[in-house]
Structures are given as structure tokens and as C-alpha cells.
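All remarks here apply to the structure that follows.
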Amino acid sequence: MSRFLNSRYETLEPYTPGEQPKVAGKLIKLNTNENPYKPAPEVIEAINDEELNRLKLYSEPAASVLTDAIAEYYGIDGNQVIAGNGSDEILAFIFMAFQGESGRIYYPEISYSFYPVYCDIFGAEGVKVPLADDFSVNISDYFGVDGTIVITNPNAPTGMALSLEQIEEILKKNSNNLVVIDEAYVDFGAQSAVSLIDDYDNLLIVQTLSKSRSLAGARVGFAMGNSETIADMNRIKFSFNPYNLNRLSIIAGAAAMKNRAYFTETRKKIMETRESFVDRMKGMGFEVLPSKANFVFARHDEISGEEYFTKLRKYNIIVRHFSNEKISDYVRITIGTPQEMAALTDATAEILGQR
């Protein structure tokens with residue numbers, strides 16, 4: 001490190017993103033929870049020559065074309081939505097601005113690994129709340145805490161989800177704390193908490209267009225909540241980067257939100273593929289956690305998570321393995337096309353000597 005780095009960041013452990021290999025050809029990439037299907041046709045049509053020529057102009061800071069489309073989809077007001085450069089930027093604003101009087105932020109010990117990084121960057125005290133033995137979130141552990149709560153629902157990397165009733169119970173027991181529900185994977189079988197926004201001013205929901213709407217490369221995320229909370233986030237945004245979304249991402253995101261039929265079709269395909277894939281994996285002796293996401297978390301008694309990850313790579317298949325001791329026996333597998341999942345199960349059968 002250089003002699004110019006602020007000493008407070010000397011011990012910072014940066015977030016480690018999933019591998020993005022530069023290998024072309026037959027590589028089956030099931031490690032970063034991307035959507036296997038292309039964006040909606042309207043997204044492609046929206047990025048036309050006319051819009052490309054407009055890249056010489058700054059984007060609209062409010063991104064109202066996008067936020068209005070989101071608001072219309074969810075039946076809320078436009079002032080209850082803020083858009084960001086991926087949900088990661090939205091989360092950064094939250095960890096920066098909403099630490100509460102205690103400066104503490106509570107989140108599951110096994111969850112999105114950006115949370116502890118943001119705590120370190122923004123000087124918050126991260127409190128890791130243990131999961132139950134079955135990897136589920138015990139909601140009573142969050143009752144009456146003394147800080148902000150951030151819960152991914154469905155959780156990552158487990159894929160397990162809380163019910164709407166459980167989320168509401170957390171909100172009721174924390175009327176003076178902000179409760180952030182990170183719904184990056186909610187569209188694959190879980191229930192969004194958007195319906196609770198008008199009843200609980202302490203609820204803030206974060207979503208992304210990376211997963212269910214096939215726009216991971218466009219970097220479009222957003223938050224929904226009480227209009228005053230959203231106004232606070234806009235204060236942070238306009239103090240940091242008013243032009244945080246580029247012109248093409250704004251129009252692509254709006255187009256994706258408007259095509260409900262394509263969204264419904266592709267998410268249904270992914271959920272159906274997930275269920276058939278889980279059945280095949282269980283048939284080969286895998287334990288697979290119940291998933292409401294576009295990935296599954298699986299382990300096998302006869303092979304370690306690291307070994308399975310390594311051997312799949314020899315078949316040009318990439319999944320995600322985590323070194324955390326509590327989950328090191330598991331791998332996280334993104335749900336791809338039926339053909340991709342068949343290739344993985346075929347390779348797995350060979351690895352386990354079942355063929």
C-alpha cells in the first residue's frame with residue numbers, strides 16, 4: 001500500500017466478487033447468480049442509435065423515467081423510489097446514512113459479504129447475528145435491538161426466505177430502528193415486503209435489476225420506502241454523485257420494468273429449472289437447502305465443497321465456494337438454462353462415480 005492511504009483503511013478487507021473469467025467457448029458460468037436469459041426485447045430496442053447519440057449529454061440525475069416505471073409496477077409513489085448504480089451503491093448509501101444513534105448495524109453472520117465491508121468503510125459497528133442450526137434466520141434475535149437491521153431475503157448464499165409475516169414482526173418489534181430488507185433475489189419465489197411500506201415508516205426495501213430482469217451489466221438497483229427516508233438517501237446521492245446512472249441504464253431499466261410478460265416468463269423458467277435440478281441433486285445424495293432464489297446451496301457427504309468446486313472446474317463449470325468454516329462443505333450453484341444444469345448434473349454423476 002502507498003504512504004498516502006489513510007491509516008483507518010490499512011486493515012480493510014475488500015469484498016471479493018465472484019470470478020468473471022475471460023475465457024470464451026464452452027465455459028458454463030454458474031457462480032455469480034446472473035440470469036441465463038437475455039434482457040427483454042424492449043430493452044434491446046430502447047438502446048438505439050438515437051439514444052447512443054445522446055451519450056454526449058449527462059443523464060437525468062433523478063432518473064425519473066426509471067423510478068416512475070418502478071413506482072408504477074409496485075403501485076407506490078415516485079417519491080418513494082430512488083435508483084442507484086446497482087444495489088451495491090444503494091446499500092452503500094444506507095450504511096453511510098442510517099447507522100442509528102448507536103452506530104450499530106445488525107445482519108446475519110452468513111449473508112451478503114459486502115455488509116461487513118461497508119461497516120468498515122463507513123465506521124459502523126457491524127453486529128453479526130448467528131443463524132439457526134438449519135441456516136434459517138431466527139427473527140426473535142432481531143427484536144428490540146439498538147441499531148439498524150439489514151436482512152437479505154431470500155438470504156445469500158443459502159437461498160432461504162422469511163415470510164411476509166415474519167418481516168412484519170421484526171418491523172413491529174423495532175419501531176424506532178430502520179429495517180432494511182435486501183430483496184435482490186425476491187422474484188424467484190419469495191414474497192416482497194413492498195406492501196408494508198405505507199404501514200411502516202421504518203421499512204426500507206432494496207432491489208436490483210441484475211437478477212430477475214437480466215441487467216447485471218447495466219448496474220441498476222433501487223430502494224423503496226417512506227418518502228422522507230428516500231429524501232434522506234437522495235441527499236446522500238446528490239452529495240456524492242448526482243449522475244450515478246448512465247443514460248442507457250436508465251432507459252434499459254425502465255423498459256425491463258414495463259415488460260411484465262417477459263419477466264414472468266423467464267422467472268418461471270428459472271424456478272422450474274431450479275426445482276427439477278434440486279430433485280436430480282437430491283437423487284445423487286446431496287443435501288440442498290430450500291431455496292427461493294435463482295441459486296441453490298448444496299453439500300454432499302462424500303466430497304468436500306472445495307473438492308467438488310475444483311473438480312467441476314475441470315468440466316469447464318464454475319460454481320461458488322466459500323472458505324467460511326461454517327459453510328465450507330457447501331457450494332452455491334446459480335440456476336442456468338436446463339441444458340447447463342443437465343451438464344452440471346452429468347459431470348457431478350461422473351465425479352461421484354455414479355455413471
Query raised in the report: So what is the accessible area of segment 1-113 per residue, in Å², with the probe set to 1.4 Å?
Result: 59
Report summary line: So, with points 7 Å from each Cα along the Cβ direction, the E109-D198 label distance in nm works out to 4.1
Query raised in the report: Using heavy-atom solvent-accessible surface (probe 1.4 Å) with all chains present, what is the largest-first order of H300, H321?
Result: H321, H300
Requested in this report: Pop out the carbon and sulfur fraction of the accessible area of the chain as a percent, whole number, probe 1.4 Å.
Outcome: 47
Report task. Calculate the length of the line joining the C-alpha centroid of segment 57-99 to that of segment 266-308, in whole Å. Result -> 33
Query raised in the report: Ignoring ligands and nucleic acids, what accessible area does F93 show with a 1.4 Å probe (Å², nearest 10)?
Result: 0
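Ignoring ligands, DNA and RNA, what accessible area per residue does segment 262-302 give at 1.4 Å, in Å²? Can you show the working numbers first?
Details: 1940 Å² over 41 residues.
For segment 262-302, the solvent-accessible area averages 47 Å² per residue.
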**Report entry** Calculated FRET value between S163 and I236, using beta carbons and R₀ = 35 Å, to 0.05
**Finding:** 0.65
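Cβ under 12 Å from T32's Cβ, T32 left aside: what net charge do those residues give with Lys, Arg +1 and Asp, Glu -1?
Numbers: positive: K29, K211, R320, R332; negative: E19, E34.
Net charge around T32: +2.
Of the lysine pairs in segment 236-309, how many meet both conditions: Cα atoms under 18 Å apart, and a spacing of 8 or more in sequence or different chains?
On the way: K258/K268; K268/K292; K269/K292; K282/K292.
Lysine pair count for segment 236-309: 4.
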Report summary line: Bridge orientation stat for the chain from DSSP, antiparallel percent rounded to 5, came to 55
Report task. Excluding residues fewer than 8 places away in the same chain, name every one of the aspartates and glutamates whose C-alpha is closer than 13 Å to that of K311. Result -> D346, E350
Report task. Report, in deg cm²/dmol and to the nearest 500, the calculated mean residue ellipticity at 222 nm for the chain, where each DSSP H run with n ≥ 4 adds -39500 (n - 2.57) and the sum is divided by the residue count. Result -> -11000 deg cm²/dmol
Query raised in the report: Roughly speaking, what is the stretch gain from D68 to D120, that is 0.36 nm per residue apart minus the C-alpha to C-alpha distance, in nm to one decimal?
Result: 15.3 nm
Query - Length-normalised contact order of segment 196-284 in % [C-alpha pairs under 8 Å, at least 6 apart] - result: 24
Query raised in the report: Within the chain, which complete DSSP H helices have Cα atoms spanning at least 18 Å along the helix axis and a mean Kyte-Doolittle hydropathy of -1.0 or higher?
Result: 227-240, 338-351
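Find, among the trypsin sites (Lys or Arg not before Pro) in segment 167-219, those assigned to loop by DSSP (not H, G, I, E, B) with at most 16 other beta-carbon atoms within 10 angstrom. Write down the numbers at each step before the final one.
On the way: sites: K172, K173, K211, R213, R219; in loops: K173, K211, R213, R219.
Answer by residue number: K173.
The values are calculated or read from the model by the stated rules, or taken from the named source; none is laboratory data. A quick note: this is a predicted structure, and the numbers were derived from the prediction, not measured. Heads up, the Cβs are rebuilt from the backbone with ideal geometry, glycines too, and the neighbour counts pull from every protein chain shown. All accessible areas refer to the heavy atoms of the entire protein, side chains included, with ligands and DNA or RNA removed. Shrake-Rupley method; radii C 1.70, N 1.55, O 1.52, S 1.80 Å.
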